[in-house]
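Here is the structure we will look at.
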Amino acid sequence: MKKGLWLVFLLSLFLVSVSFAAEKTWESQQGEFSGVTLTVLITDPHSAVVESWKPEWEALTGAKVEMVVVPYASLYDKMMTDFITGTGAYDLICWPSTWAGDVMGGEWVIPLDDLMKEYGYPGWDDVAPAIKTVVSWANKVYALPYDGDCHMLYYRKDALENPDYQAKFKEKYGYNYNVPPKSWEEIRDIAEFFTGWDWDNDGENEYGIAFIAQRKTQAMWSYLDIAMQYAAQPGVAPFFDPDTMDPLVNNPGWVKAMEVIQDMTKFAPPGLLSYGYSELRQAFVSGNSAIALDWGDIGIMEQSEEKYGSKVKGLLGYGPLPGAMKTYDFKEKKWVEGYNQVNFLNFGGWIFSISKFSKNQLAAYKFATYFTAPERSILDVCGIHGYTGANPWRLSHFQNIDKWIEGGWGKESVTKYLDTIKTILSDPKAITDLRIPGAAEYYDYLDLYLAQVLSGTAKPEEACNNIYKEWVKITEAQGKEKQLNLYRESLGLPKK
């Protein structure tokens with residue numbers, strides 16, 4: 001067992017042993033925080049979760065909960081400015097775990113182990129193993145789990161499973177595609193085939209594929225979905241050489257992935273470059289494309305014809321990320337022919353942490369444990385509370401099918417949806433996202449040069465070389481030796 005996984009295992013045993021024994025009943029906390037005002041820094045749509053539960057918790061404890069809701073593009077700066085100035089404007093912060101190196105590694109948020117031991121945490125043994133990893137740093141828990149994030153493939157069953165369309169595709173391309181598609185080579189042909197004609201008979205022409213492409217709205221994960229297949233093998237992270245800390249972002253695998261995503265823009269709807277995550281989801285459930293890649297949120301929006309204008313309820317299929325028919329081995333410095341498929345925990349999931357400058361740390365902890373408890377969190381992930389941005393992350397979330405059906409799902413659809421996500425989160429060789437200090441800056445430059453490729457103002461190889469140069473600069477600024485050891489630690493490798 002890798003060192004990192006072994007430490008997480010030991011930590012899990014410790015927390016399981018104390019969580020239920022130490023937990024107080026909520027009824028015993030009546031009026032406990034009377035006069036306390038908690039301030040939560042958060043983005044939309046996650047603010048919907050706090051809005052759902054704060055009236056109950058305020059009535060129970062006497063506390064008041066206020067939210068500062070900011071766009072995703074400004075969240076990092078808002079959070080880090082408060083940390084660096086020591087202002088303590090926010091008690092509880094909802095943030096993406098890919099920033100763990102800066103936030104947890106920088107010790108800007110408090111470790112929660114003592115609070116978990118004294119007050120318990122409801123259902124720690126119910127948390128998926130991959131999620132326990134993303135809330136931890138250096139064998140301590142620095143955040144409460146809240147969201148299970150991984151990209152998956154969505155496809156229109158009425159398009160890809162149509163026998164007439166399958167026959168026409170084979171006539172044009174000379175082979176039968178898989179359902180769901182298995183490779184990016186297949187995706188490219190399918191996307192081209194379904195672009196520019198009315199394959200769902202609604203009187204409008206549709207397109208082949210849609211994905212997040214707008215600068216500053218998480219487009220880099222659309223690219224990484226592809227890069228993982230051409231530049232990584234299962235269990236082998238492709239970001240840096242773990243022996244030298246040399247960025248790998250301009251090797252042939254990364255360049256090939258950049259070529260593929262640039263090619264995909266030809267088969268996407270007009271306005272693709274304005275697609276952030278909200279725009280993608282709304283457009284896809286409105287029925288404009290045959291294929292999309294996203295976190296679990298499209299599945300939630302699919303179910304609501306009234307609220308989100310969904311025209312695809314019951315028409316979507318689900319699958320893991322497509323693989324590739326070759327992969328570049330950065331150790332051997334050569335292409336390896338043969339099918340390769342990698343599950344990738346994009347983003348790692350949204351999590352809640354308590355600022356070390358908070359004057360209301362216990363109240364913040366108890367509020368977060370209140371709404372992340374099993375019986376409440378299921379309502380936030382299954383659709384009963386609508387589109388919240390939270391995806392299933394507890395083992396019980398995958399088992400409580402009745403709640404999903406209550407949230408508007410059909411049994412067959414939700415079973416396949418949950419099986420897909422559970423398989424990805426349970427994969428012991430799934431690659432975790434970049435979590436070292438500077439991750440937000442590394443990804444911002446990846447996002448910058450990706451935007452140039454998608455707009456056609458830069459060539460893929462040129463963009464990858466520019467990303468490489470910026471990543472070298474960031475590493476040097478952070479301290480190359482320190483970054484190397486932290487990167488190795490994140491992979492479960494010993495320090496150099």
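Coordinate-derived values only; no laboratory data. For clarity, every value in this text was computed on a predicted model and none was experimentally measured. Please note: Cβ atoms are built from the backbone with ideal geometry, for glycine as well, and neighbour counts cover all protein chains shown.
Assorted remarks:
- Computed magnitude of the charge dipole of the chain (debye, nearest 20; Cβ of K, R +1, Cβ of D, E -1): 1160
- Over the C-alpha atoms of the stretch 50-91, the Rg to Rh ratio, Rh being the Kirkwood estimate, stands at 1.09.
- The long axis of helix 163-173 is offset from the longest Cα principal axis of the chain by roughly 60 degrees.
- Efficiency of FRET from Cβ geometry, Asn201 and Asp263, R₀ 35 Å, rounded to 0.05: 0.80
- Computed label-point distance, nm, for sites Lys495 and Glu185 using a 7 Å Cα→Cβ extension: 4.5
- Selection from Phe371, Gly338, Trp95 lying farthest towards where the dipole of the chain points positive, charges on Cβ: Gly338
- Dividing the radius of gyration of the alpha carbons in the stretch 152-342 by their Kirkwood radius gives 0.99 for Rg/Rh.
- Calculated diffusion of the chain, Stokes-Einstein form, Kirkwood radius summed over Cα pairs, 10 °C and 1.306 mPa s, µm²/s: 68
- Tensor-based shape of the stretch 192-273 (alpha-carbon gyration tensor, a/c under 1.5 rounded, otherwise prolate or oblate): prolate
- Between 0 and 90°, nearest 10: helix 47-61 axis offset from the chain longest Cα axis: 20
- Centre-to-centre, using Cα atoms only, the stretch 156-181 and the stretch 34-81 are separated by 47 Å.
- A helix-only calculation puts the chain at -13500 deg cm²/dmol for mean residue ellipticity at 222 nm, using -39500 (n - 2.57) for each DSSP H run of at least four residues, averaged over all residues.
- Mean projected area of the Cα convex hull of the stretch 85-164, taken over all directions, amounts to 8.8 nm².
- Charge-dipole axis of the stretch 27-138 as Lys and Arg at +1 and Asp and Glu at -1 on Cβ define it, positive-most pick from Pro71, Ile131, Met116: Pro71
- Exposed-site-free run, longest, the chain (rule: GluC sites (Glu not before Pro); DSSP loop; at most 12 other C-beta within 10 Å): 1-203
- Nearest 10 degrees, 0 to 90: helix 480-490 Cα axis against the chain principal axis: 90
- Here the Karplus relation 6.51 cos²θ - 1.76 cosθ + 1.60, evaluated at θ = phi - 60°, turns the backbone of the stretch 396-402 into coupling constants of 5, 4, 8, 9, 8, 4, 4 Hz, with x for every Gly and Pro.
- Counting beta carbons within 10 Å around each of Thr217, Thr327 and listing the fewest first gives the order Thr217, Thr327.
- A quarter of the convex hull surface defined by the alpha-carbon atoms of the stretch 348-496 gives 13.2 nm² as the mean projection.
- Rounded to the nearest 20 debye, the dipole size of the stretch 144-299 about its Cα centre is 160 debye, using +1 on the Cβ of Lys and Arg and -1 on the Cβ of Asp and Glu.
- Normalised by the number of residues in the chain, the average gap of Cα pairs under 8 Å and 6 or more apart makes the relative contact order 24 percent.
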